[in-house]
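Reviewing the structure listed below.
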Amino acid sequence: MAEISCRIEQVIPFFDIDSMRIVWHGHYVKYMEKARCALLDKIDYNYQQMEASGYIWPVVDMRIKYVKPLIFKQVIVIEAKIVEQEYGLKIDFKFVDKLTGQKLTTAYTKQVAVDMESGEMCLLSPEILHEKIDAFSV
């Protein structure tokens, strides 16, 4: 599998700051979702295409390592990279400060396909995911 990744920028807005004047930990998931959607758009298999292919892809595992806090008006870059596709879709994330390049956060999410008709979780990723990734890699 060729490396498939994307990078997005995020300016930290005031409304994401908590009482300690840093980004509330739950907002990191929102930033990861923005990066994940950009990555899935890149392979033409975002949530509308997933549903149209007969699958939903819930997140079943997520880990976040908070290295340095994010602060108001900080410009960060979030890199999302597909690292697994056989037994689900695993995406790694890295947050860095745009100005300094300093690593701020690392994370990953793991999604699995669920057949919309039967409601059954797929032990292996459906062929459509492999087709989308292979088509991008050509």
Can you give the helix-only mean residue ellipticity at 222 nm for the chain, where every DSSP H stretch with n ≥ 4 adds -39500 (n - 2.57) and the sum goes over all residues, rounded to the nearest 500 deg cm²/dmol? -7000 deg cm²/dmol
What's the extension gain from PHE136 to MET121 if we count 0.36 nm per residue and subtract their Cα-Cα distance? 2.9 nm
Summed residue charge, Cβ within 14 Å of VAL114's Cβ, Lys/Arg positive, Asp/Glu negative: -3
For helix 27-42, report the angle its Cα long axis makes with the longest principal axis of the Cα atoms of the chain; keep it between 0 and 90° and round to the nearest 10°. 40
Taking 0.36 nm per residue of separation and subtracting the Cα-Cα distance, what length does fully extending GLU51 through VAL83 add? 9.3 nm
Using only Cα atoms and rounding to the nearest 10 degrees, what angle (0 to 90) does helix 127-137 make with the longest principal axis of the chain? 60
Going residue by residue through the stretch 54-62, the Karplus relation 6.51 cos²θ - 1.76 cosθ + 1.60 with θ = phi - 60° gives ³J(HN,Hα) values, rounded to whole Hz and with x marking Gly or Pro, of x, 10, 10, 10, x, 6, 10, 8, 8
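Computed from the coordinates by the stated procedures, all read-outs in this text should not be read as laboratory data. Small disclaimer: the values here were computed from a predicted structure and weren't measured. When we count neighbours, we look across all protein chains shown, and the Cβ atoms used for this are built from the backbone with ideal geometry, even at glycine.
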